[in-house]
2 protein chains.
Amino acid sequence: MGSPNSINVASHTSSSNISPLDPEEFRRQGHMIIDFLADYYLDIEKYPVLSQVEPGYLQKRLPKSTPHNPEPIETILQDVQEHIVPGLTHWQSPNFFAYFQCTSSIAGFLGDMLSTGFNVVGFNWIASPAATELETIVMDWLGEILDLPKTFLFSGNGGGVIQGTTCEAVLCTLVAARDQILSQIGRENLVKLVVYASDQTHSAFQKAAQIAGIHPMNFKAIKTSKSTSYALSPNSLRAQICKDVEAGLVPVFLCATVGTTPTAAIDPLESLCAVAKDYGMWVHVDAAYAGSACICPEFRHFIDGVEGANSFSLNAHKWFLTSLDCCCLWVKDPSALIKSLSTNPEYLRNKASDSKQVVDYKDWQITLSRRFRSLKLWFVLRNYGVANLRSFMRNHVKMANLFEGFVAMDKRFEIVVPINFAMVCFRILPSALSETIYKNGKLDIVSEEHANEANRKLLDSINMSGCVFMTHAVVEGVYVIRFAVGATLVEERHVITAWKVVQEHANVILSTYKPRALLV
Amino acid sequence: MGSPNSINVASHTSSSNISPLDPEEFRRQGHMIIDFLADYYLDIEKYPVLSQVEPGYLQKRLPKSTPHNPEPIETILQDVQEHIVPGLTHWQSPNFFAYFQCTSSIAGFLGDMLSTGFNVVGFNWIASPAATELETIVMDWLGEILDLPKTFLFSGNGGGVIQGTTCEAVLCTLVAARDQILSQIGRENLVKLVVYASDQTHSAFQKAAQIAGIHPMNFKAIKTSKSTSYALSPNSLRAQICKDVEAGLVPVFLCATVGTTPTAAIDPLESLCAVAKDYGMWVHVDAAYAGSACICPEFRHFIDGVEGANSFSLNAHKWFLTSLDCCCLWVKDPSALIKSLSTNPEYLRNKASDSKQVVDYKDWQITLSRRFRSLKLWFVLRNYGVANLRSFMRNHVKMANLFEGFVAMDKRFEIVVPINFAMVCFRILPSALSETIYKNGKLDIVSEEHANEANRKLLDSINMSGCVFMTHAVVEGVYVIRFAVGATLVEERHVITAWKVVQEHANVILSTYKPRALLV
């Protein structure tokens, strides 16, 4: 019988030149990065919030190939400061009012550090029981403070899972809905399946439909209008479904949104779910941005009716301090996900899974491997507590109201849609242009197109300044500037400054504006 | 004109109770976690490598709901030590020989900390130019040290992208291939598309096919055998394709593997690509595990023929020290990905994207939002350098050879397939059981099933000890124990101990083994 001692192992011995997990080096270098990041947060307002680099800037600064020999962390960190930081658009800057924020926090960061440090791969229960069990617990915790119907929680035979992003959550639920129907009507009818959303719905849904093989013609983005504040009308939905059913198509999925990306519009869940129910459709509620705010009792009514939906998701990395990526998805019927997404290769078989006593999250998502993301959400929930999390979001809403007040007092501007949550949609009014155009040129009719052009110029000019960063949307042809309050570090003074910047740039734009048609 | 100064803002002022990014608190708490993790690595061998908890253990230990008021990090960290650590299966333990490893390193950890700290969302170039540009640069760096054909690099009009996992990489490329064909033959023919792989291919591919809407009957897992060391035979592939084409089906995609999960088998790329070419199929090469080793010239030949493929991926988080998740995908024709995965909502429009001068990675992957993952890969490449990365993997291969030698010297065992890279597939031989069975019972023919049963018991017994963790595979009905060397902290002494553990447990199993059929 062979024994290790009887083998001459000397010939096999070879010392590696690196100790990539030496605890004392880990400590030394880890502290260095912590200090680097602490200083970054101290200095963050000094950087232009929107990066000012030109395309291709980095290639000019970095070597052409991987070094053969090691370089010290100190050198690399210096390069981060000199070459990477200038190329960052600073999402954590308090002057970042663009898109929807992606909030960091110390607690979220610490939880994420532990997750990276443990580096366990919790695809099934046995691969790290804590990773699975903490996730089930935390998803029930969060579901409860959102006052989600019990049927969405593990304690009510539903359940939650942390995905990377809404794109994945929508894709998973769409695939589950698709396969449920196809198992009844036959897979050859995939080409007949139709999915619905409003024209304000996030592009994540369109992408999910593309990936899931839904015919592009069967992706129905139903028109919304200012009359419903860009919410999806149940009547329009029903009319479209009727038309499609008559044409021999099969409705399968509705993606309703609470807090759309262009204007934070809110689709009326209760009546939409009622329509969907008549046709046996799956309803997913995408509350990526606004869902977090629903832990505040005064906002909870925006998701009233969710009990009629099949699934609900929000991005805790948006407004809930957990850092990218952390999309929380709840489903009423986890078995629908599992039927579509499960694979059971022999090399992953184990007693715990065979016993059916455990959750194997690999079957609730697109990927097999998964990070231990629940740690950061758990840290955030505990380290801040419900009371502070509520006041964190309420503060942002107050600041958005403050900004709204500034806009409302300046007659050159208008608030385009009533403010929901912490985002203000505003623009320069066409009427503010008429005087300028009269002065500068010969046109005497100021069209919406002129206003759009002026607002586009205003936004460009503001963003180029590096002082603040906002983005835009276009609704019913109207170009709108979005002012989203939500950065972790934002304070009232930043909102006040932002409005000053808007005014200063508007002064220049308005005094020099020449409509494009008049330029030679 | 309204001015902020003219508004009484006092009524809006409301102080939050938390400062979730206070730099000095960040510093203090960050250092605490670094020390916690350094101590974890120091102590890691003290923990049972496979978690010993029972299903539901954590719910009994944690409160039922989210706290209303904040709890200090110190308390939470104590709970991590007391309640989370026992529920971890320690993937970073040097005694972890299961699945394929997921390697951590200090450099990878530091890069990931910066990524979480900056917390930028690099969906398009403008949202953080450095995140996009560093990724393009680093993917060319890594492609070059792998000696990938220039056509896969940005410098050769291909390009690389960092995805989360292979599941995503395979899904993206499959969807691109699917849509290319459907644009020619019409979307109603989706039901006719066929995809191919060997029966050793990772379940990620089956899952991708399910998600992409490929008819389950058209997922063809072609049988392999010991005669080809479980590699996919080009003849078998061609025979299957011919049959399918005759039946009116349309071949669209082949997933070839270099380093399969069950036995690290290597599909012959050159001849497989030649077959695929005859039918205009997309070939994806999944080198999730073994791809990293191909930076060593002596292993590079295993991906010879990759020039005939359309896409190639490896998981840098497996054997390349970058921590989960970091799957590197290269494609020859990025426009194929973009055609399938692009959406262009107005709210993401910007001048840089409109100029077509920049890469917008959102169109190369499933999700919109994406972490700044290239930082950790850049840190690893620079901080270790090519020379050390090669010696890191070579050491693992040597240790696997050492273990192979131990097995070979013990006549009770066999090496089931020739060793590739750093994984040993072994088992107790049926012949080792015959004496035991003769002693203990009445059966005189020892079947493969008895051997399987004994090996399963051996593996259970080893894993329950907590000393080491290995997993299994079944190939052609034979239960095989997989011994994968690859943990960052593994040293020769751990491999020697692991073999001692195998022998000790085998001694017990063999001396007490009663085939199940003989138990009353």
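The values are calculated or read from the model by the stated rules, or taken from the named source; none is laboratory data. These figures come from a predicted structure and were not determined experimentally. Backbone-built Cβ (ideal geometry, glycine too); neighbour counts: all protein chains shown.
Applying the criterion of being within 30 Å of the chain's Cα centre (by Cα) and over 15 Å from residue A:498 (Cβ atoms) to the residues of the stretch A:400-418, the residue that is nearest to the other protein chains (Cβ to nearest Cβ) is A:408. Residues of the stretch A:482-499 include none that is under 24 Å from the mean Cα position of the chain (by Cα), more than 10 Å from chain B (Cβ to nearest Cβ), in a strand (DSSP E or B) and over 23 Å from residue A:391 (Cβ atoms). The one condition from (1) within 26 Å of residue A:101 (Cβ to Cβ); (2) not in a loop (DSSP other than H, G, I, E, B) that residue A:253 does not meet is (1). When residue B:160 is tested against (1) more than 8 Å from chain A (Cβ to nearest Cβ); (2) of a type outside the set (Asp, Glu); (3) more than 21 Å from the chain's Cα centre (by Cα), just one condition goes unmet, and that condition is (3).
Give, as residue ranges, the strands (runs of 3 or more DSSP E) completely inside the stretch B:125-224 that count at least 2 residues that are in contact (Cβ under 8 Å) with a residue 60 or more places away in the chain. Before you say what the answer is, go through the steps one by one.
Details: elements: B:159-163, B:193-198, B:219-222.
In the stretch B:125-224, B:159-163, B:193-198 are the strands (runs of 3 or more DSSP E) which contain 2 or more residues that are in contact (Cβ under 8 Å) with a residue 60 or more places away in the chain.
Evaluation of residue B:294 against the conditions (1) in contact with a strand residue (DSSP E or B) (Cβ under 6 Å, 6 or more places away or on another chain); (2) outside any loop (DSSP other than H, G, I, E, B); (3) surrounded by 24 or more Cβ atoms within 10 Å (Cβ to Cβ) shows that the sole unmet condition is (1).
Determine if the stretch B:228-241 includes at least one residue that is touching an Asp or Glu at 6+ places or on another chain (Cβ under 6 Å), without any contact (Cβ under 8 Å) to a residue 60 or more places away in the chain and within 26 Å of residue B:425 (Cα to Cα). Before you say what the answer is, go through the steps one by one.
From the stretch B:228-241, those touching an Asp or Glu at 6+ places or on another chain (Cβ under 6 Å) are B:231-232; that's our starting set.
Checking which are without any contact (Cβ under 8 Å) to a residue 60 or more places away in the chain leaves us with B:231-232.
Subsequent filtering for residues that are within 26 Å of residue B:425 (Cα to Cα) retains B:231-232.
Checked the stretch B:228-241: at least one residue is touching an Asp or Glu at 6+ places or on another chain (Cβ under 6 Å), without any contact (Cβ under 8 Å) to a residue 60 or more places away in the chain and within 26 Å of residue B:425 (Cα to Cα).
Of the numbered criteria (1) surrounded by 18 or more Cβ atoms within 10 Å (Cβ to Cβ); (2) more than 7 Å from chain B (Cβ to nearest Cβ), the one residue A:394 fails is (1). The set of residues in the stretch A:181-209 that are farther than 17 Å from residue A:254 by Cβ and within 10 Å of chain B (Cβ to nearest Cβ) comprises A:182, A:186, A:187, A:188, A:189, A:190, A:191. Does residue A:14 satisfy being at the interface with chain B (Cβ under 7 Å from one of its Cβ atoms), modelled with pLDDT under 50 and surrounded by fewer than 20 Cβ atoms within 10 Å (Cβ to Cβ)? Yes; evaluated as a whole, the condition is true for this residue. Looking at residue A:335 and the list (1) out of contact with any helix residue (DSSP H, G or I) (no Cβ under 6 Å at 6 or more places or on another chain); (2) crowded, with 24+ Cβ neighbours inside 10 Å, which single condition is not satisfied? It is condition (2) that residue A:335 fails. Close contacts from the stretch A:366-381, counting a first residue that is closer than 28 Å to residue B:207 by Cα and facing chain B (nearest Cβ under 8 Å) and a second that is crowded, with 24+ Cβ neighbours inside 10 Å and among the polar types (S, T, N, Q), with Cβ to Cβ under 7 Å and a gap of 6+ residues or different chains, come to A:367/B:165; A:368/B:165; A:369/B:165. Of all residues in the stretch A:93-124, those that are within 24 Å of residue A:382 (Cα to Cα) and not in a loop (DSSP other than H, G, I, E, B) total 13. Only one of the numbered conditions (1) without any contact (Cβ under 8 Å) to a residue 12 or more places away in the chain; (2) among the polar types (S, T, N, Q); (3) on the phi > 0 side of the Ramachandran plot is not met by residue A:323, and that is (1). Filtering the stretch A:97-153 to residues that are within 7 Å of chain B (Cβ to nearest Cβ) and polar (S, T, N, Q) leaves A:104, A:105, A:116, A:119, A:128.
Mind counting the residues in the stretch B:41-56 that are within 7 Å of chain A (Cβ to nearest Cβ) and either free of Cβ contacts under 8 Å to residues at least 24 places away in the same chain or in contact with a His (Cβ under 9 Å, 6 or more places away or on another chain) (or both)?
Here is the first cut: in the stretch B:41-56, the ones within 7 Å of chain A (Cβ to nearest Cβ) are B:41-42, B:51, B:53, B:55.
Next, only the ones that are either free of Cβ contacts under 8 Å to residues at least 24 places away in the same chain or in contact with a His (Cβ under 9 Å, 6 or more places away or on another chain) (or both) stay: B:42, B:51, B:55.
Number satisfying all stated conditions: 3.
For residue B:314, are the conditions met, namely being outside any helix (DSSP H, G or I), touching an Asp or Glu at 6+ places or on another chain (Cβ under 9 Å), under 30 Å from residue B:422 (Cβ atoms) and among the aliphatic types (A, V, I, L, M)? Lay out the reasoning, then the answer.
Working: outside any helix (DSSP H, G or I): yes; touching an Asp or Glu at 6+ places or on another chain (Cβ under 9 Å): yes; under 30 Å from residue B:422 (Cβ atoms): yes; among the aliphatic types (A, V, I, L, M): yes.
So residue B:314 fits the description; yes.
Take the conditions (1) among the β-branched types (Val, Ile, Thr); (2) part of a helix (DSSP H, G or I); (3) modelled with pLDDT under 95; residue A:338 misses just one of them, which is (3). All conditions in (1) at pLDDT below 95; (2) more than 7 Å from chain A (Cβ to nearest Cβ) hold for residue B:352, with the sole exception of (2). Each residue in the stretch A:57-77 was checked for being facing chain B (nearest Cβ under 7 Å) and not in a loop (DSSP other than H, G, I, E, B), and 2 of them qualify.
Identify, from the list A:363, A:325, the residue that is within 30 Å of residue A:272 (Cα to Cα), of a type outside the set (Gly, Ala, Ser), facing chain B (nearest Cβ under 7 Å) and crowded, with 19+ Cβ neighbours inside 10 Å.
Working: A:363 fails: facing chain B (nearest Cβ under 7 Å).
Selected residue: A:325, the only one of A:363, A:325 that is within 30 Å of residue A:272 (Cα to Cα), of a type outside the set (Gly, Ala, Ser), facing chain B (nearest Cβ under 7 Å) and crowded, with 19+ Cβ neighbours inside 10 Å.
A single member of B:380, B:397, B:386 is within 23 Å of the chain's Cα centre (by Cα), β-branched (Val, Ile, Thr) and farther than 29 Å from residue B:151 by Cβ, and it is B:397. Residue count for the stretch B:86-96 under the criterion of being of a type outside the set (Ser, Thr, Tyr) and more than 7 Å from chain A (Cβ to nearest Cβ): the result is 5.
Residues in the stretch A:78-85: is at least one in contact with a Gly (Cβ under 6 Å, 6 or more places away or on another chain) and either facing another protein chain (nearest Cβ under 8 Å) or not in a helix (DSSP H, G or I) (or both)? Talk me through it step by step, then tell me what you get.
From the stretch A:78-85, those in contact with a Gly (Cβ under 6 Å, 6 or more places away or on another chain) are none; that's our starting set.
No, the stretch A:78-85 contains no residue that is in contact with a Gly (Cβ under 6 Å, 6 or more places away or on another chain) and either facing another protein chain (nearest Cβ under 8 Å) or not in a helix (DSSP H, G or I) (or both).
Which one is farthest from residue B:416 (Cα to Cα), of the residues in the stretch B:244-274 that are out of contact with any strand residue (DSSP E or B) (no Cβ under 7 Å at 6 or more places or on another chain), surrounded by fewer than 24 Cβ atoms within 10 Å (Cβ to Cβ) and touching a residue at least 12 places away in the same chain (Cβ under 8 Å)? Among them, the one singled out is B:248. Scanning the stretch B:313-322 turns up no residue that is hydrophobic (A, V, I, L, M, F, W, C), touching a strand residue (DSSP E or B) at 6+ places or on another chain (Cβ under 7 Å), outside the structural domain of residue B:283 (by TED's automatic domain parsing) and closer than 23 Å to residue B:92 by Cα.
Only residues that are surrounded by fewer than 22 Cβ atoms within 10 Å (Cβ to Cβ) and either more than 24 Å from residue B:185 (Cβ to Cβ) or among the hydroxyl-bearing types (Ser, Thr, Tyr) (or both) were counted in the stretch B:275-286, giving 1. Scanning the stretch A:354-378 for residues that are outside any loop (DSSP other than H, G, I, E, B) and either more than 23 Å from residue B:74 (Cα to Cα) or aliphatic (A, V, I, L, M) (or both) gives A:354, A:361, A:362, A:363, A:364, A:375, A:377.
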